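Notes for the one structure printed next.
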Amino acid sequence: YLARGPEGIETAARGSINAEIIERVGGRNVVEAGPDGLLTVSPEQVQAWAPEVIVTIDADFAAHVGAMPEWQGVPAVRDGQVYLAPSAPFGFIDSPPSVNRLIGLKW
């Protein structure tokens, strides 16, 4: 699951340019349906998808998700599998689309 924003509820659908790097390295995006781009979901929907890993580009979300009650039922949170993607000098996973995505493949 790609979590964006401080609440982690903005994400990207499978096949979206925003989640492209995760899929290129063999990750399976749990967000199957939706527009080609970003969408907003509920924490309950994320619980239903039950992702084993969460990649986030938001430092606030990464720092606080373990204490957020609405995320406690998510396997990735329970098992400590929430990862903050590097963002300097540009994002490794998401925005902007740039050469840093190549190093995001290795990360």
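The values are calculated or read from the model by the stated rules, or taken from the named source; none is laboratory data. The structure displayed is predicted, hence computed values, not measured ones. Don't worry about glycine lacking a Cβ; one is built from the backbone with ideal geometry, like all the others, and counts go over all protein chains shown. Just so you know, the surface numbers come from the protein's heavy atoms only, side chains and all, with ligands and any DNA or RNA stripped out. Shrake-Rupley method; radii C 1.70, N 1.55, O 1.52, S 1.80 Å.
Considering the values (1) 13.8, 39; (2) 13.8, 47; (3) 12.7, 37, which represents Rg and Dmax of the Cα atoms in Å as calculated for the structure under consideration?
(3)
If you take every DSSP beta bridge fully contained in the chain, what fraction is antiparallel? Give it as a percent rounded to 5.
45 percent
Considering amide H positions built from the backbone, and no H for Pro or chain starts, which residues 5 or more places from L84, or on another chain, come under 5 Å of its amide H?
Those lying under 5 Å, H to H, from L84 are T56.
Place a +1 charge on the Cβ of each Lys and Arg in segment 17-87 and a -1 charge on the Cβ of each Asp and Glu, then give the dipole magnitude about the Cα centre in debye, rounded to the nearest 20.
Roughly 160 debye for segment 17-87.
Quick check on the chain: helices-only [θ] at 222 nm, where DSSP H runs of length 4 and up contribute -39,500 (n - 2.57) each and the sum goes over total residues. Nearest 500, please.
Here the helix-only value at 222 nm equals -6000 deg cm²/dmol.
Over segment 64-107, what number does the Rg to Rh ratio reach, with both radii from the alpha-carbon atoms and Rh per Kirkwood?
Ratio of gyration radius to Kirkwood radius: 1.13.
Given a 1.4 Å probe, how much area per residue of the chain is accessible, in Å²?
For the chain, the per-residue accessible area is 54 Å².
In nanometres, what is the gap between the two model label sites at S42 and H64, each 7 Å from Cα along Cα-to-Cβ?
Inter-label distance under the simple model: 2.1 nm.
For a bin width of 10 Å, list the pair-distance distribution of segment 12-53 built from all Cα-Cα distances, rounded to whole %.
With 10 Å bins starting at 0, P(r) equals 30, 56, 14.
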